[in-house]
Number of protein chains: 2
Amino acid sequence: MTSQDVLFRLARRGDLPSMVRMLADDDLGSQREQYENPLPESYYSAFEQINNDPNHQLIVAERNGEVIGTLHLMFLPSISFQGGLRAQIESVRVDKRFQSQGIGGEMMKWSMERARQRGAHVVQLTTHKTRLDAHRFYERLGFKGTHLGMKLELRQSTEKSL
Amino acid sequence: MTSQDVLFRLARRGDLPSMVRMLADDDLGSQREQYENPLPESYYSAFEQINNDPNHQLIVAERNGEVIGTLHLMFLPSISFQGGLRAQIESVRVDKRFQSQGIGGEMMKWSMERARQRGAHVVQLTTHKTRLDAHRFYERLGFKGTHLGMKLELRQSTEKSL
């Protein structure tokens, strides 16, 4: 099989277990996710929120009726760059059984074309410094690692407000 | 004067010229922005779009009725981290005349508290690798530079579709 047998489309609610399975299936993801049956409700409520927001698109790669890749494409309006629209990509995963077959690259290109069609002037993403294979993967697609990506974890009080 | 004389609040349409002036006022920004009177319409249409989206907040710092700082706080729903909400900060600027007085740090802390109240589990940002002062500024606030930030510029055809 080749990557040409793969279909890219917007995710549906029923794709969520496959998507979470892929998010959970690596060193960093396994510490963050809770892949179980049924999935924790928080995944479904996030899905609904994302799905109802025209600035967010969850993308999946499907082959033979099976979801084997996913990414989250978002559009960020901005004042900077003369009010230019940015695209951002997060949570890129390809099922481990089907990696190194070009599927991730095709999924990225398909999503980048969606971003271009929408009028975004840039696509941005961050990737953990330890994911060296990912750096090379994105560089092959034309991305340049010009920025430092910084994060700060927020402590939530037990009672969430707002 | 101290940073205690500074008020932080959501930006209004009338703040836009001050905000663009600050965005334009550095080496990278001067190549991207068009600070003129009146401002190009694209800034105003981006402002309206951002202002109408509950997941976006443009913040300004005001002192004596003058806007002297700005940042863009956004909330990004996500499937990953069990459907966890992320906050992202972009376009952070303090007027050059008032830098190194703690205003940027206070503006960031004020915005991070808003993100915590909203329920975000993380605040993320990227900063150009050449902005070494910015790296130290964010590290002092508790940010860790764990990620590589990658960008790809999209070529737009003259006629924008969608």
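The values are calculated or read from the model by the stated rules, or taken from the named source; none is laboratory data. None of the values given here were measured: they were computed from a predicted structure. As a convention, Cβ positions derive from the backbone with ideal geometry for all residues, glycine included, and neighbour counts pool all protein chains shown. Keep in mind that these areas ignore ligands, DNA and RNA; they rest on the heavy atoms of the full protein, side chains included. Shrake-Rupley method; radii C 1.70, N 1.55, O 1.52, S 1.80 Å.
Hey, what's the Cα Rg ratio for region A:1-80 versus the globular rule of thumb, 2.2 N^0.38 Å?
Computed over Cα atoms of region A:1-80, the ratio equals 1.20.
After finding the eigenvalues of the alpha carbon gyration tensor for the protein assembly as shown, what semi-axes result from the square roots of 5 times each, listed largest first in whole Å?
They are 34, 22, 18 Å, listed largest first.
How much of the DSSP bridge set in the protein assembly as shown is antiparallel, in percent, rounded to the nearest 5?
90
Given a Förster distance of 22 Å, report the FRET efficiency between B:Tyr44 and B:Lys96 from their Cβ-Cβ distance, rounded to the nearest 0.05. Walk me through the intermediate numbers first.
On the way: r = 25 Å, r/R0 = 1.12.
Calculated value: 0.35.
To the nearest 10 square angstrom, what accessible area does B:Leu28 show with a 1.4 Å probe?
Accessible area, nearest 10 Å²: 40 Å².
So how much accessible area does A:Thr126 have, in Å² to the nearest 10, using a 1.4 Å probe?
50
For region B:30-162, compute the number of Lys pairs whose alpha carbons are separated by less than 24 Å, excluding pairs fewer than 8 positions apart on the same chain.
7
Give me the compactness ratio for region B:64-159, meaning the Cα radius of gyration over 2.2 N^0.38 Å. Show your work: numbers first, answer last.
Working: Rg = 15.5 Å, N = 96, 2.2 N^0.38 = 12.5 Å.
Taking N as the residue count of region B:64-159, the ratio is 1.24.
Run through the DSSP bridge list for region B:17-146 and note the antiparallel percent, rounded to the nearest 5. Don't skip to the answer; put the middle values down first.
Working: 15 of 18 bridges.
Close to 85 percent.
Buried accessible area for the A:B pair, summed, 1.4 Å probe, in Å² rounded to 100?
6500
Is the shape of region B:73-126 best called rounded, prolate or oblate, per the rule: a/c under 1.5 gives rounded, else a/b larger than b/c gives prolate, else oblate, with a ≥ b ≥ c the square roots of the Cα gyration tensor eigenvalues?
Here region B:73-126 falls in the prolate category.
When a/c reaches 1.5 or more, the comparison of a/b and b/c decides; with that in mind, is region B:3-50 rounded, prolate or oblate per its Cα gyration tensor?
On the way: a/c = 2.23, a/b = 1.24, b/c = 1.80.
Oblate, because a/c is 1.5 or more while a/b does not exceed b/c.
Label region A:1-156 by shape, choosing from rounded, prolate and oblate, from the square roots a ≥ b ≥ c of the eigenvalues of the Cα gyration tensor; if a/c is under 1.5 it is rounded, and otherwise prolate applies when a/b is larger than b/c, oblate when it is not.
Taking the square roots of the gyration eigenvalues as a ≥ b ≥ c, region A:1-156 is rounded.
How crowded by other chains is A:45-51, given as the mean number of beta carbons from other chains within 10 Å of each beta carbon?
4
Any idea of the accessible area per residue across region B:1-112, 1.4 Å probe, to the nearest Å²?
44
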